[in-house]
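Have a look at the structure below before the remarks.
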Amino acid sequence: MITTTIEHSRVYGTTARLSDHHGWLKATLRQHGFEWSHSLNAFAAPGTRTWPFDPFKFAKVTGELRRCGFPVKVIIDNARPEADPIADTVTELFDLAYAVQRLGSALAQDMLTRPSRVTAERVRQAQEAVEAATAKAEEIEQRPGVYEHPEMRNVWHLLNQGWTAVGLPPF
(Lines give C-alpha, C1' and ligand atoms only; values in the text may rest on other atoms or scores of the structure.)
Protein backbone atom coordinates (compact mmCIF):
# COMPACT_ATOMS: atom_id res chain seq x y z
CA MET A 1 0.00 0.00 0.00
CA ILE A 2 1.32 3.44 -0.94
CA THR A 3 1.38 5.88 1.97
CA THR A 4 1.34 9.63 1.53
CA THR A 5 2.95 11.69 4.28
CA ILE A 6 1.94 15.35 4.35
CA GLU A 7 4.30 17.24 6.61
CA HIS A 8 4.33 20.90 7.56
CA SER A 9 7.15 22.87 9.15
CA ARG A 10 7.99 26.56 9.17
CA VAL A 11 11.31 25.79 7.48
CA TYR A 12 10.17 23.79 4.42
CA GLY A 13 6.44 24.56 4.34
CA THR A 14 3.90 21.87 3.51
CA THR A 15 5.43 18.89 1.71
CA ALA A 16 3.98 15.59 0.54
CA ARG A 17 6.11 12.48 0.22
CA LEU A 18 4.98 9.23 -1.40
CA SER A 19 6.26 5.85 -0.22
CA ASP A 20 6.15 4.62 -3.84
CA HIS A 21 5.48 6.03 -7.31
CA HIS A 22 1.88 6.22 -8.45
CA GLY A 23 0.67 8.40 -11.33
CA TRP A 24 -2.80 9.06 -9.93
CA LEU A 25 -1.41 10.19 -6.58
CA LYS A 26 1.01 12.58 -8.27
CA ALA A 27 -1.77 14.00 -10.46
CA THR A 28 -4.02 14.45 -7.44
CA LEU A 29 -1.33 16.29 -5.51
CA ARG A 30 -0.68 18.59 -8.49
CA GLN A 31 -4.41 19.20 -8.87
CA HIS A 32 -4.52 20.43 -5.27
CA GLY A 33 -1.63 22.88 -5.66
CA PHE A 34 1.46 20.80 -4.90
CA GLU A 35 4.49 21.14 -7.16
CA TRP A 36 7.50 18.85 -7.42
CA SER A 37 10.51 20.23 -5.55
CA HIS A 38 13.81 18.85 -6.81
CA SER A 39 15.78 20.11 -3.84
CA LEU A 40 13.34 18.67 -1.27
CA ASN A 41 12.75 15.53 -3.34
CA ALA A 42 9.05 15.79 -2.50
CA PHE A 43 5.91 17.61 -3.57
CA ALA A 44 5.70 21.07 -1.96
CA ALA A 45 2.81 23.49 -1.63
CA PRO A 46 4.16 26.92 -2.66
CA GLY A 47 3.74 29.80 -0.25
CA THR A 48 3.27 27.67 2.87
CA ARG A 49 6.68 28.19 4.48
CA THR A 50 5.90 31.33 6.43
CA TRP A 51 2.36 30.45 7.55
CA PRO A 52 0.96 27.96 10.05
CA PHE A 53 -0.57 24.79 8.60
CA ASP A 54 -4.02 25.37 7.10
CA PRO A 55 -6.07 22.18 7.68
CA PHE A 56 -8.97 23.45 5.56
CA LYS A 57 -6.75 24.01 2.51
CA PHE A 58 -5.43 20.44 2.61
CA ALA A 59 -8.61 18.69 3.84
CA LYS A 60 -9.78 18.09 0.26
CA VAL A 61 -6.60 16.35 -0.85
CA THR A 62 -6.36 14.21 2.29
CA GLY A 63 -10.07 13.33 2.06
CA GLU A 64 -9.78 12.40 -1.61
CA LEU A 65 -6.74 10.21 -1.04
CA ARG A 66 -8.32 8.44 1.95
CA ARG A 67 -11.62 7.95 0.09
CA CYS A 68 -9.72 6.11 -2.67
CA GLY A 69 -8.05 3.80 -0.15
CA PHE A 70 -4.64 5.43 0.16
CA PRO A 71 -3.48 6.00 3.75
CA VAL A 72 -2.43 9.56 4.55
CA LYS A 73 -0.32 10.59 7.51
CA VAL A 74 -0.32 14.29 8.47
CA ILE A 75 2.55 15.69 10.59
CA ILE A 76 2.28 19.32 11.72
CA ASP A 77 5.03 21.39 13.31
CA ASN A 78 3.94 25.04 13.57
CA ALA A 79 6.77 26.03 15.90
CA ARG A 80 8.75 28.99 14.65
CA PRO A 81 12.39 27.91 14.32
CA GLU A 82 15.16 29.81 16.07
CA ALA A 83 16.72 30.53 12.67
CA ASP A 84 15.46 30.05 9.15
CA PRO A 85 18.17 28.07 7.32
CA ILE A 86 16.77 28.82 3.86
CA ALA A 87 16.59 32.58 4.45
CA ASP A 88 20.08 32.52 5.97
CA THR A 89 21.40 30.63 2.95
CA VAL A 90 19.78 33.05 0.49
CA THR A 91 21.25 35.97 2.47
CA GLU A 92 24.67 34.31 2.19
CA LEU A 93 24.17 33.97 -1.57
CA PHE A 94 23.15 37.63 -1.87
CA ASP A 95 26.33 38.68 -0.05
CA LEU A 96 28.36 36.58 -2.47
CA ALA A 97 26.48 37.93 -5.51
CA TYR A 98 26.89 41.55 -4.44
CA ALA A 99 30.62 40.98 -3.90
CA VAL A 100 30.90 39.56 -7.43
CA GLN A 101 28.94 42.49 -8.85
CA ARG A 102 31.17 45.02 -7.01
CA LEU A 103 34.32 43.25 -8.24
CA GLY A 104 33.07 43.33 -11.83
CA SER A 105 31.99 46.94 -11.52
CA ALA A 106 35.34 48.00 -10.05
CA LEU A 107 37.24 46.25 -12.84
CA ALA A 108 35.02 47.78 -15.52
CA GLN A 109 35.44 51.24 -13.96
CA ASP A 110 39.23 50.83 -13.87
CA MET A 111 39.23 49.75 -17.52
CA LEU A 112 37.39 52.98 -18.43
CA THR A 113 39.26 55.45 -16.24
CA ARG A 114 42.73 53.85 -15.87
CA PRO A 115 43.24 51.34 -18.68
CA SER A 116 47.02 51.40 -18.27
CA ARG A 117 46.76 50.04 -14.71
CA VAL A 118 44.59 47.07 -15.69
CA THR A 119 46.90 44.20 -16.57
CA ALA A 120 46.02 40.85 -18.09
CA GLU A 121 47.03 39.24 -14.78
CA ARG A 122 44.54 41.38 -12.86
CA VAL A 123 41.75 40.52 -15.31
CA ARG A 124 42.61 36.82 -15.01
CA GLN A 125 42.52 37.02 -11.19
CA ALA A 126 39.15 38.77 -11.28
CA GLN A 127 37.76 36.14 -13.66
CA GLU A 128 39.03 33.32 -11.42
CA ALA A 129 37.46 34.98 -8.36
CA VAL A 130 34.12 35.32 -10.16
CA GLU A 131 34.25 31.70 -11.36
CA ALA A 132 35.02 30.51 -7.81
CA ALA A 133 32.15 32.56 -6.40
CA THR A 134 29.78 31.14 -9.00
CA ALA A 135 30.89 27.60 -8.20
CA LYS A 136 30.27 28.32 -4.49
CA ALA A 137 26.80 29.69 -5.34
CA GLU A 138 26.00 26.53 -7.33
CA GLU A 139 27.12 24.41 -4.38
CA ILE A 140 24.99 26.40 -1.90
CA GLU A 141 22.00 26.24 -4.25
CA GLN A 142 21.95 22.43 -3.87
CA ARG A 143 20.77 22.73 -0.24
CA PRO A 144 17.12 21.70 0.29
CA GLY A 145 14.61 24.45 -0.43
CA VAL A 146 17.07 27.03 -1.80
CA TYR A 147 16.56 26.33 -5.52
CA GLU A 148 12.84 27.19 -5.36
CA HIS A 149 13.30 30.38 -3.33
CA PRO A 150 11.89 33.35 -5.31
CA GLU A 151 14.98 35.50 -4.66
CA MET A 152 17.30 33.04 -6.42
CA ARG A 153 16.52 34.68 -9.74
CA ASN A 154 17.89 37.98 -8.39
CA VAL A 155 21.00 36.24 -7.04
CA TRP A 156 21.78 34.77 -10.46
CA HIS A 157 21.11 38.11 -12.14
CA LEU A 158 23.71 39.80 -9.90
CA LEU A 159 26.20 36.99 -10.51
CA ASN A 160 25.66 37.31 -14.26
CA GLN A 161 26.29 41.07 -14.10
CA GLY A 162 29.60 40.51 -12.33
CA TRP A 163 30.42 37.64 -14.66
CA THR A 164 30.02 39.76 -17.81
CA ALA A 165 31.73 42.82 -16.27
CA VAL A 166 35.00 40.91 -15.88
CA GLY A 167 34.91 39.82 -19.53
CA LEU A 168 33.39 36.34 -19.28
CA PRO A 169 30.55 35.35 -21.62
CA PRO A 170 27.05 35.60 -20.07
CA PHE A 171 25.49 32.41 -18.73
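Show log10 I(q)/I(0) for the chain at q = 0.18 Å⁻¹, two decimals, from a solvent-free Debye sum over equal Cα scatterers.
So the normalised log intensities work out to -1.03.
If you line up the long axis of helix 120-141 against the longest principal axis of the chain, both from Cα atoms, how many degrees apart are they, to the nearest 10?
On a 0 to 90 degree scale, this one is about 10.
Angle between the Cα long axis of helix 55-67 and the longest principal axis of the chain, 0 to 90 degrees, nearest 10?
60
What is the antiparallel percent of DSSP beta bridges lying wholly in the chain, to the nearest 5? List each step's numbers first, then the result.
Numbers: 12 of 18 bridges.
Looking only at bridges with both residues in the chain, the antiparallel portion is about 65 percent.
Rounded if a/c is under 1.5, else prolate if a/b is larger than b/c, else oblate: which is region 17-62, with a ≥ b ≥ c the root eigenvalues of its Cα gyration tensor?
Since a/c reaches 1.5 but b/c is at least a/b, the shape of region 17-62 is classed as oblate.
Specify the inter-centroid distance of region 38-84 and region 122-143, based on alpha-carbon positions, in whole Å.
36
Quick one: with all protein chains in place, what share of the accessible area of the chain is carbon or sulfur, to the nearest percent (1.4 Å probe)? Could you put the intermediate results ahead of the total?
Working: 5540 of 10180 Å².
Looking at the chain in its full context, I get 54 percent from C and S.
Assigning unit charges at the beta carbon (Lys, Arg +1; Asp, Glu -1) and nothing else, what dipole magnitude in debye, to the nearest 20, does the chain show about its Cα centre? Write down the numbers at each step before the final one.
Working: 19 positive and 20 negative charges, 95 e Å.
With Lys and Arg at +1 and Asp and Glu at -1, about 460 debye.
How much length is gained if the chain between Val123 and Tyr98 is pulled fully straight, taking 0.36 nm per residue apart and subtracting their Cα-Cα distance, in nm to one decimal? List each step's numbers first, then the result.
Working: separation 25, 0.36 × 25 = 9.00 nm, distance 1.84 nm.
So the chain would gain 7.2 nm between Val123 and Tyr98.
Kirkwood hydrodynamic radius (Cα pairs, Å) of region 91-142? Don't skip to the answer; put the middle values down first.
Numbers: mean 1/r = 0.0850 Å⁻¹.
One decimal place: 11.8 Å for the Kirkwood radius.
Could you estimate the translational diffusion coefficient of region 22-98 from the Stokes-Einstein equation, with Rh from the Kirkwood formula over C-alpha pairs, at 25 °C and 0.890 mPa s, in whole µm²/s?
Details: Rh = 14.8 Å.
The calculation lands on 166 µm²/s.
Ranked by accessible surface with a 1.4 Å probe, highest first, in what order do Ser37, Ser105 come? Walk me through the intermediate numbers first.
Working: Ser37 5, Ser105 70 Å².
Reading off the accessible areas and sorting them downward yields Ser105, Ser37.
Run the numbers on region 1-50 and let me know its relative contact order in percent, using alpha-carbon pairs under 8 Å that are six or more apart.
Details: 71 pairs, mean separation 19.8, N = 50.
Normalised by residue count, the contact order of region 1-50 is 40 percent.
For the residue pair Asn78 and Glu35, what label-to-label distance in nm results when each label sits 7 Å from Cα along the Cα-to-beta-carbon direction?
2.6
Taking the square root of 5 times each eigenvalue of the Cα gyration tensor, what semi-axes in Å does the equivalent ellipsoid of region 71-171 have, largest first? Don't jump to the answer; show the numbers that get you there.
On the way: eigenvalues 281, 28, 20 Å².
Calculated on Cα positions only, the semi-axes equal 38, 12, 10 Å.
Counting each DSSP H run of 4 or more residues in the chain as -39500 (n - 2.57), what helix-only mean residue ellipticity at 222 nm follows after dividing by all residues, to the nearest 500 deg cm²/dmol? It would help to have the intermediate numbers written out before the result.
Working: 5 runs with 87 residues, N = 171.
Result for the chain: -17000 deg cm²/dmol, rounded to the nearest 500.
Using r as the Cβ-Cβ distance of Thr50 and Leu168, and R0 as 41 Å, what FRET efficiency do you calculate, to the nearest 0.05? All intermediate terms of the calculation are to be shown ahead of the outcome.
Details: r = 36 Å, r/R0 = 0.88.
The calculated FRET efficiency here is 0.70.
Round to the nearest 10 and give me the degree value, 0 to 90, for the angle of helix 152-165's Cα axis relative to the longest principal axis of the chain.
That works out to roughly 20 degrees.
The values are calculated or read from the model by the stated rules, or taken from the named source; none is laboratory data. Note that the structure is a prediction, hence the values are computed from the model and not measured. Every residue, glycine as well, gets a Cβ built from its backbone with ideal geometry; the counts of neighbours run over all protein chains shown. Note: areas computed on protein heavy atoms with side chains; ligands, DNA, RNA excluded. Shrake-Rupley method; radii C 1.70, N 1.55, O 1.52, S 1.80 Å.
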